[in-house]
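Notes follow the structure.
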Amino acid sequence: MSSYRDLVLAVAQWTPLERFARRRGLRLGAARFVAGEHLRDGVRVAHEIAAAGKYPILDLLGEFIDTPERAESMADGIRAAIDALAEVTGPRMLSIKPTQVGLGIGRQVALDHLRPLAALAARLDVRIALDMEDHPRVDDTLAILEELHDEGHTHVSTVLQSYLYRTSDDLDRLLARTPVPELRLVKGAYKEPASVAYADKADVDKSYRTLLERMLGGGGIVHVASHDEAMIDAARTQRDALGLPRERVTFQLLYGVKPRLQADLVRDGEAVGVYTPFGEDWYGYFTRRLAERPANLAFVLRGLLG
Ligand code: FDA
């Protein structure tokens, strides 16, 4: 997308840097984007979000898990998070990364964990979102979503990324389903090759607008997950022009990013979700946030020097 973004995502994969960052812990600046290392931190922030008129999207940090034991332990952590979220007033959602529950080991491993988690969430009235990770996981993630929907778990949603060329075709397939799945639209956060993803921000933004228009015309609930005010304005204008009820569209932002915009949207009567990560495995999430905005990196460097 930009050389800055590519550089940060590439350097972040350097193991000594990761080791150094983990030793410094959340003090490195990650505390700005992460509720804390423990479930109680995530739950405390979830209650604060609900009290401010927004809805929490809790996320137990963890990804690219490669042993069945760790996938099992992640699933236990997610179960506890669903239980705790059920105590929060109002709508509540929990995000799961498919590789967190073993997608890297096999699709069946992930499905075997996701099925009971989806059932528990349905009982406790918690919505589930399957986050979208890097491009080699897209086929499996969509297949899992479709299988869960076929089994009646229509409270499970997923994410489409506007930087991928394939997303328009994926959307065709999802819009043809009954009911149309609830979908979150993002630009995309991973380091992807030019063979699969737009490199220019202008192309990613253009694709976002086109996908958004199709999703709004398509029938399901649309979560506009962006801090880009042009995208948010476009969604509100199109929704109103199409005469869609407000419940068809929610706006999702990340914990720690643009709090004033979050409050303005709430004041305007919009449904606002706040993606709230917690847990010890914060490194990958944090580096993607640094890659999104040079000022975030400057903030970390200032913390290191100061
Ligand atoms: P863009 O990057 O153009 O930024 C728009 C404005 O917001 C700019 O002013 C920018 O500086 C500011 N901004 C953006 N990110 C910021 C940050 N981290 N800190 C401070 N300011 C920032 N991706 C993915 O691949 N799979 C997924 O499942 C998800 N899930 C997800 C959920 C939610 C609720 C959100 C908001 C985002 C995601 N993402 C994601 C991340 C997404 O793909 C994307 O990387 C970021 O949202 C940044 O893109 P924007 O749409 O905000 O636009």
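The values are calculated or read from the model by the stated rules, or taken from the named source; none is laboratory data. For clarity, every value in this text was computed on a predicted model and none was experimentally measured. As a convention, Cβ positions derive from the backbone with ideal geometry for all residues, glycine included, and neighbour counts pool all protein chains shown. Surface areas here come from the heavy atoms of the whole protein model, side chains and all, with no ligands, DNA or RNA. Shrake-Rupley method; radii C 1.70, N 1.55, O 1.52, S 1.80 Å.
Output the residues belonging to region 103-125 that are of a type in the set (A, V, I, L, M, F, W, C) and outside any helix (DSSP H, G or I).
Leu103, Ile105, Leu124 - these are the residues of region 103-125 that are of a type in the set (A, V, I, L, M, F, W, C) and outside any helix (DSSP H, G or I).
Within region 254-265, is even one residue over 17 Å from Gly219 (Cα atoms), more than 11 Å from the ligand (Cβ to nearest atom), open to solvent by 40 Å² or more (accessible area, probe 1.4 Å) and among the hydrophobic types (A, V, I, L, M, F, W, C)?
Looking for residues that are over 17 Å from Gly219 (Cα atoms), more than 11 Å from the ligand (Cβ to nearest atom), open to solvent by 40 Å² or more (accessible area, probe 1.4 Å) and among the hydrophobic types (A, V, I, L, M, F, W, C), one finds at least one in region 254-265, hence yes.
Looking at Arg123, Arg92, which is the one that is within 24 Å of Val272 (Cα to Cα), open to solvent by 10 Å² or more (accessible area, probe 1.4 Å) and under 15 Å from the mean Cα position of the chain (by Cα)?
Arg92
Can we say Pro56 is surrounded by 13 or more Cβ atoms within 10 Å (Cβ to Cβ), over 21 Å from Gly273 (Cα atoms) and at pLDDT 95 or above?
no
With Gly102, Gly62 as the choices, which residue is open to solvent by less than 20 Å² (accessible area, probe 1.4 Å) and either over 18 Å from the mean Cα position of the chain (by Cα) or within 15 Å of the ligand (Cβ to nearest atom) (or both)?
Just one listed residue meets the conditions, Gly62.
From Arg239, Arg214, grab the single residue that is open to solvent by less than 20 Å² (accessible area, probe 1.4 Å), modelled with pLDDT of 95 or more and more than 12 Å from the ligand (Cβ to nearest atom).
Arg239
Of everything in region 126-165 that's near the ligand (Cβ under 10 Å from one of its atoms) and in a strand (DSSP E or B), which residue is nearest to Gly273 (Cα to Cα)?
Ala129
With the requirement that a residue be under 23 Å from Leu7 (Cα atoms) and within 13 Å of the ligand (Cβ to nearest atom), what does region 197-211 give you?
Once the filter is applied, which keeps residues that are under 23 Å from Leu7 (Cα atoms) and within 13 Å of the ligand (Cβ to nearest atom), region 197-211 yields Ala197, Tyr198, Asp200, Lys201, Ala202, Asp203, Val204, Asp205.
What residue, of Ala230, Ala194, is more than 13 Å from the ligand (Cβ to nearest atom) and either of a type in the set (Gly, Ala, Ser) or open to solvent by less than 20 Å² (accessible area, probe 1.4 Å) (or both)?
Of the residues listed, the single one that is more than 13 Å from the ligand (Cβ to nearest atom) and either of a type in the set (Gly, Ala, Ser) or open to solvent by less than 20 Å² (accessible area, probe 1.4 Å) (or both) is Ala194.
Note down all Cβ pairs under 9 Å where the first residue falls in region 184-211 and is more than 23 Å from Thr287 (Cβ to Cβ) and in contact (Cβ under 8 Å) with a residue 24 or more places away in the chain, the second is near the ligand (Cβ under 7 Å from one of its atoms) and open to solvent by 30 Å² or more (accessible area, probe 1.4 Å), and they're at least six residues apart or on different chains.
Listed by first residue and then by second, the contacts come to Ser207/Lys187.
Considering region 266-306 alone, what residues qualify as being among the charged types (D, E, K, R) and either open to solvent by 50 Å² or more (accessible area, probe 1.4 Å) or within 12 Å of the ligand (Cβ to nearest atom) (or both)?
Arg267, Asp268, Glu280, Arg288, Arg289, Glu292, Arg293, Arg302 - these are the residues of region 266-306 that are among the charged types (D, E, K, R) and either open to solvent by 50 Å² or more (accessible area, probe 1.4 Å) or within 12 Å of the ligand (Cβ to nearest atom) (or both).
Going by the conditions given, is Thr158 open to solvent by less than 30 Å² (accessible area, probe 1.4 Å) and closer than 27 Å to Leu265 by Cα?
Answer is yes for this residue.
Is at least one residue of region 31-38 part of a loop (DSSP other than H, G, I, E, B) and open to solvent by 50 Å² or more (accessible area, probe 1.4 Å)?
The answer is yes; a qualifying residue exists.
State all residues of region 60-84 that are touching a residue at least 40 places away in the same chain (Cβ under 8 Å) and part of a helix (DSSP H, G or I); if no residue qualifies, say none.
Listed by number, the residues that qualify are Pro68, Ala71, Glu72, Ala75, Gly77, Arg79, Ala80, Ala81, Ile82, Asp83, Ala84.
What single numbered condition from (1) within 15 Å of the ligand (Cβ to nearest atom); (2) open to solvent by 60 Å² or more (accessible area, probe 1.4 Å) fails to hold for Thr178?
Condition (1) is where Thr178 drops out.
Being acidic (Asp, Glu), under 21 Å from Ile57 (Cα atoms) and modelled with pLDDT of 95 or more narrows it down to one residue among Asp112, Asp140, Asp131; which is it?
Asp131
Going by what's in this entry, would Glu69 be described as out of contact with any strand residue (DSSP E or B) (no Cβ under 7 Å at 6 or more places or on another chain) and either hydrophobic (A, V, I, L, M, F, W, C) or surrounded by fewer than 14 Cβ atoms within 10 Å (Cβ to Cβ) (or both)?
yes
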